[in-house]
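Before any comments, here is the structure.
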Amino acid sequence: MTAKDRYQAGHTDLVYWLRSRGEKLKKSGSEWEWDYQGERVTVRNNVWFDQYTQEGGDAVKFLQYFYGMSEERAVAEHLGCSVSELDDVPERLRPARKVIPPKQEEKKIELVPPAANGNMRRVFAYLCQTRGIDPELVSAFAHAHLIYESADKHNAVFVGMDGKGRVKHIHMRGTLSESGFRQTLGGSEKAYSFHHTGPGRQLYVFEAPIDMLSYISLHPENWQENSYVALCGVGSAPIQRFLEDCPQLEEVTLCLDNDEAGHKAAERIARELLEEWEVEVSAHFPDQKDWNEELLSTSQEETMGQVMAM
């Protein structure tokens, strides 16, 4: 297999290929939707994206992921060569994505929160001074045991709990200004990512914990009444869980990043929610790239205004 073969096969039109196999697709804007065992897969030309698993790729990876083919076999299928090697492939083959022995499949990773440091000086300095988040807000989440500082690396630890106060999700962020470290610990349940549950009808949704805290710092009025959740990504599982557990919720505002990925994620999540729930869904994007940049920009403007007034 040459690089040219791989390139040509990867650019195969998946809509045409699926239809030639008798698959049914539904038009959705500029994309097509394909149902795979109850999961919605969006397809556009040669690229695809599984909305449930958040996996995607080109036409070759499509055959590897959904049809269990090797890369060489997928390339041969799309290029129409080495047909004799493909004689044993059924017209509608649907193998499991991964062959996992039963014992491994049953084994569940235990979520082990990192040990807490004796104080939160490093985390407070990072969140309040570097990121500009309201100190009272950080204190409120710290007192609720939803934010703390790890003892080993002094990372900011964002905790997600269930309704009984059990830790279900841990997301960490490095506190050094030049550090880009971020990690969701193994064993975390996506549905319980960092959040605040209020009694009101409004749920605000963010990509990251710092975006969530930045937004509340910008809009602090009666914030405890609302619900907020950081997806720690762009999957909708935490929103779905909120809507199941909190029947009072009537409005969902998607406050994702102001970039192409954020806009596309907001469109996708909005479609998912409107198909399954009777809720109002809207989007609120920052003027800057994300809500922390918005917070820092606003703080700088206020400081400049005060200086000019002197």
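No value in this document is a laboratory result; all are computed from the given coordinates. Please read all numbers here as calculations on a predicted model, not as lab measurements. Every residue, glycine as well, gets a Cβ built from its backbone with ideal geometry; the counts of neighbours run over all protein chains shown.
I'd like the trypsin sites (Lys or Arg not before Pro) in segment 153-251 restricted to DSSP loop residues with at most 11 other Cβ atoms within 10 Å, sorted by number. Could the numbers behind the result be given before it?
Details: sites: Lys153, Lys164, Arg166, Lys168, Arg173, Arg182, Lys190, Arg201, Arg241; in loops: Lys153, Lys164, Arg166, Arg201.
Here the sparse-neighbourhood loop sites are Lys164, Arg166.
The base-10 log of I(q)/I(0) for segment 187-310, evaluated at q = 0.10, 0.19 Å⁻¹, reads -0.32, -1.00 [Debye formula, identical scatterers on Cα atoms, solvent excluded]. Computed over the chain, the per-residue total of -39500 (n - 2.57) for DSSP H runs of n ≥ 4 gives a 222 nm mean residue ellipticity of -10000 deg cm²/dmol, rounded to 500.
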